[in-house]
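A quick write-up on the structure given underneath.
The values are calculated or read from the model by the stated rules, or taken from the named source; none is laboratory data. In this text, all values refer to a predicted model and were calculated from it rather than measured experimentally. Using ideal geometry, Cβ is built from the backbone for each residue, glycine included, and neighbour counts are taken over all protein chains shown. Accessible surface is based on the protein model in full, side chains and every heavy atom, while ligands, DNA and RNA are left aside. Shrake-Rupley method; radii C 1.70, N 1.55, O 1.52, S 1.80 Å.
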Amino acid sequence: MIDNFQTPGDFNVDLLVNNKKIVYHNCHEISQGGPVIGELSIDGHFIPNQLFGGPLLIQKQLIYVPVFVKRFLGNGFKLAVIDTDTFSVTINGNFRSLIFLDKIENGRIYFFEHVEKKRYNSYLLAEI
């Protein structure tokens with residue numbers, strides 16, 4: 001479960017979890033008052049060609065984090081899964097205007113699709 005004070009516009013950008021140093025770099029808002037995105041590094045290794053939002057969730061060696069997606073008719077997010085041992089990135093799920101991660105529980109990852117926590121959704125972890 002995430003810190004209740006973190007939001008997609010204001011989250012921890014420098015973390016130490018499971019002896020892994022996770023840092024967001026060159027952070028900026030997508031639009032005024034919108035979600036913040038930035039480059040992501042794990043123990044100094046940058047994840048290339050992607051911008052990530054927050055807050056993120058970690059389970060074992062896997063990081064679950066919103067990844068910014070540019071589309072012709074608007075920008076949004078999908079869910080990225082990053083293995084902190086191999087730095088491999090898998091991008092999953094449907095395109096969403098926002099992914100505000102909440103918790104991992106009973107084999108599902110739960111998230112809000114609105115910053116005011118109005119729409120709740122989830123993915124089955126076995127499917128992503």
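In segment 25-37, which residues are surrounded by fewer than 15 Cβ atoms within 10 Å (Cβ to Cβ) and under 12 Å from L51 (Cα atoms)?
H25, N26, H28, E29
Every residue in segment 25-50 that is part of a strand (DSSP E or B), out of contact with any Ser or Thr (no Cβ under 8 Å at 6 or more places or on another chain) and either of a type in the set (A, V, I, L, M) or touching a residue at least 24 places away in the same chain (Cβ under 8 Å) (or both), please.
V36, I37, G38, L40, H45
Which of the residues belonging to segment 1-24 are part of a loop (DSSP other than H, G, I, E, B) and either charged (D, E, K, R) or open to solvent by less than 30 Å² (accessible area, probe 1.4 Å) (or both)?
Listed by number, the residues that qualify are I2, D3, Q6, P8, F11.
Pick out, from segment 87-128, the strands (runs of 3 or more DSSP E) lying fully within it that include 2 or more residues that are modelled with pLDDT under 95.
Result: 89-96, 120-124.
Quick test of your reading of the structure: H45 fulfils all but one of (1) open to solvent by 60 Å² or more (accessible area, probe 1.4 Å); (2) more than 25 Å from E127 (Cα to Cα); (3) modelled with pLDDT under 95. Name the failing condition by number.
(3)
Which count do you get for residues in segment 102-128 that are out of contact with any helix residue (DSSP H, G or I) (no Cβ under 8 Å at 6 or more places or on another chain) and within 17 Å of K78 (Cβ to Cβ)?
Going residue by residue through segment 102-128, those that are out of contact with any helix residue (DSSP H, G or I) (no Cβ under 8 Å at 6 or more places or on another chain) are 102-103, 105-106, 110-128.
Those left that are additionally within 17 Å of K78 (Cβ to Cβ): 102, 110-114, 119, 121-125, 127-128.
Counting residues in segment 102-128 that are out of contact with any helix residue (DSSP H, G or I) (no Cβ under 8 Å at 6 or more places or on another chain) and within 17 Å of K78 (Cβ to Cβ) gives 14.
If you go through segment 78-94, how many residues are farther than 18 Å from L124 by Cβ and in contact with a strand residue (DSSP E or B) (Cβ under 8 Å, 6 or more places away or on another chain)?
6
In segment 91-112, how many are farther than 15 Å from L57 by Cβ and open to solvent by 30 Å² or more (accessible area, probe 1.4 Å)?
5
If you go through segment 110-118 one residue at a time, do you hit one that is farther than 19 Å from F11 by Cα and touching a residue at least 12 places away in the same chain (Cβ under 8 Å)?
no
Look through segment 65-86, keep the residues that are β-branched (V, I, T) and in a strand (DSSP E or B), and return whichever of them is surrounded by the fewest Cβ atoms within 10 Å (Cβ to Cβ).
V69
Which one is nearest to D102 (Cα to Cα) among residues in segment 51-63 that are assigned to a loop (DSSP other than H, G, I, E, B) and open to solvent by less than 10 Å² (accessible area, probe 1.4 Å)?
P55
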